[in-house]
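Report on the following structure.
The values are calculated or read from the model by the stated rules, or taken from the named source; none is laboratory data. Just so you know, these numbers come straight off a predicted model, no measurement behind them. Here the Cβ positions follow ideal geometry from the backbone for every residue, glycine too, while neighbour counts run over all protein chains shown. Protein only, heavy atoms only, side chains kept; ligands, DNA and RNA dropped before computing areas. Shrake-Rupley method; radii C 1.70, N 1.55, O 1.52, S 1.80 Å.
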Amino acid sequence: MTDFFYKASGTLTPELDMKIVLKLETWLKKSFPKKILSNTMDSEAHEKRPPILTSSKQDIAPHIANVSEMKHYLCGCCAAFNNIAITFPIQKVLFRQQLYGIKTRDAVLQLRRDGFRNLYRGILPPLMQKTTTLALMFGLYEDLSCLLRKHVSTPEFATCSLAAVLAGTTEAIFTPLERVQTLLQDHKHHDKFTNTYQAFKALKCHGIREYYRGLVPVLFRNGFSNVLFFSLRGPIKEYLPTATTHGAHLVNDFICGGLLGAMLGILFFPVNVVKTRMQSQIGGEFQSFPKVFQKIWLERDRKLTNLFRGAHLNYHRSLISWGIINATYEFLLKII
């Protein structure tokens, strides 16, 4: 308190009688509330203390962190839902071409004969599968990339590639949904089951392994397509005209995702043809990827053009699908 008065007035000196100081102290305590006096005397100490968060901010902080950590998963899920709802009929035409090697016109006529009632038959499995797998694809890629950068000293390309492969491998857990989708879209099985539950039940008697027919091509496709998608997405966007508006950014993201999706769709088209053939079978021998590929190759007169039948439709479907996915994902990433 004595030091306080020395600072407050230049007339007071250390030689001043202590009695005067004590009297002034007594007068101040009586004249002013203790809270004000205490705040004045401790002002210097308060200035040195670090700021303290209020309880409300402390309560909100964990929730903000949780939303930030999950946003890549949420954006991927919503992007997949938007895509499936729009492009499912195109996918169904493509599926018929992959399975039977027929022309686009014949596949469309098949769907017309099936009727509008069956047009969206089998949409539930891809809806469940794609929303889940794309959520994992984008979310796990981001999480694993960050984790590997912290703990592994490797070049950036190697780190991102490993994260992409691991994310694609994790997606393969949901192969049973893709398997059931194949069965529901094949008109040969229309009389065996009418919905997703019945299809799952029909496979149950064959054991858990039956749900994972076609796992090898799924793993191959997911891993390598993820590596190419995440590695090339940035460089492709850099070559596009600089976007200055939200609409321009949306268009660039659509073009970037569409071009990549179309390229990967063509590149992995034969893999999907083999996967579709393998997954259309219920029960019986589990044939290897090379054996099924050889069988299809012979059936289609050993012509590459026949093996790629339906590839042009797949190109346009992938262009639209991945354009929608990438644009939706990037848009939601900015607003969440």
> With every protein chain present, what accessible area does residue 192 have (1.4 Å probe, heavy atoms only), rounded to the nearest 10 Å²?
Replying inline: 120 Å²
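If the only charges are +1 at each Lys and Arg Cβ and -1 at each Asp and Glu Cβ, what is the size of the charge dipole of segment 121-212 around the Cα centre, to the nearest 20 debye? Could the numbers behind the result be given before it?
Numbers: 10 positive and 8 negative charges, 69 e Å.
My answer is approximately 340 debye.
Per the Kirkwood definition applied to all pairs of different Cα atoms, how many angstroms is the hydrodynamic radius of segment 152-235?
Working: mean 1/r = 0.0679 Å⁻¹.
14.7 Å is the Kirkwood radius here.
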>> Per residue of segment 316-321, what does 6.51 cos²θ - 1.76 cosθ + 1.60 with θ = phi - 60° give for ³J(HN,Hα)? Whole Hz please, x for Gly and Pro, Karplus curve as stated.
In response: 5, 5, 5, 4, 6, 4
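In what sequence, highest mean first, do 126-136, 280-290 appear when ranked by Cβ atoms within 10 angstrom? Spell out each step's value before the answer.
Details: 126-136: 21.3, 280-290: 13.4.
Result, highest mean first: 126-136, 280-290.
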>> Give the residue list of chymotrypsin sites (Phe, Trp or Tyr not before Pro) in segment 105-168 that are DSSP loop and have at most 10 other beta-carbon atoms within 10 angstrom.
In response: none
>> I need the P(r) histogram for segment 274-330: all alpha carbon pairs, bin width 10 Å from 0 out to the longest distance, whole percents.
In response: 19, 34, 28, 17, 2
> In percent, how large is the relative contact order of segment 121-212, given Cα pairs closer than 8 Å and 6 or more residues apart?
Replying inline: 36 percent
>> Net charge within 14 Å of residue 295 by Cβ-Cβ distance, Lys/Arg positive one each and Asp/Glu negative one each, not counting residue 295 itself?
In response: +2
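Of the listed pairs 92/204; 103/237; 71/192; 201/303, which have alpha-carbon separations greater than 31 Å here?
Numbers: 92/204 25 Å; 103/237 34 Å; 71/192 40 Å; 201/303 38 Å.
103/237; 71/192; 201/303, as the Cα separations exceed 31 Å there.
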> For the charge dipole of segment 121-212, defined by +1 on Lys and Arg C-beta atoms and -1 on Asp and Glu C-beta atoms about the Cα centroid, which residue among 146, 169, 202 has the Cα displaced farthest towards the positive pole?
Replying inline: 202
>> I'd like the accessible area for residue 72: 1.4 Å probe, protein heavy atoms, all chains in place, Å² to the nearest 10.
In response: 30 Å²
> If one computes the Cα centroid of segment 277-311 and of segment 72-129, what distance in Å separates the two points?
Replying inline: 21 Å
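Sum up the charges of everything whose Cβ sits under 14 Å from the Cβ of residue 87, counting Lys and Arg as +1 and Asp and Glu as -1, but leave residue 87 out. Let's see the in-between values first.
On the way: positive: 92, 130, 317; negative: none.
Overall, the nearby charge balance is +3.
So how do 114, 186, 301 rank on accessible area, 1.4 Å probe, biggest first, that is with the largest at the start? Could the numbers behind the result be given before it?
Details: 114 45, 186 5, 301 105 Å².
Listed by decreasing accessible area, they come as 301, 114, 186.
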> Over segment 213-336, what is the relative contact order in whole percent, taking alpha-carbon pairs under 8 Å and six or more residues apart?
Replying inline: 40 percent
> Roughly how compact is segment 203-336, stated as its Cα Rg over 2.2 N^0.38 Å to two decimals?
Replying inline: 1.30
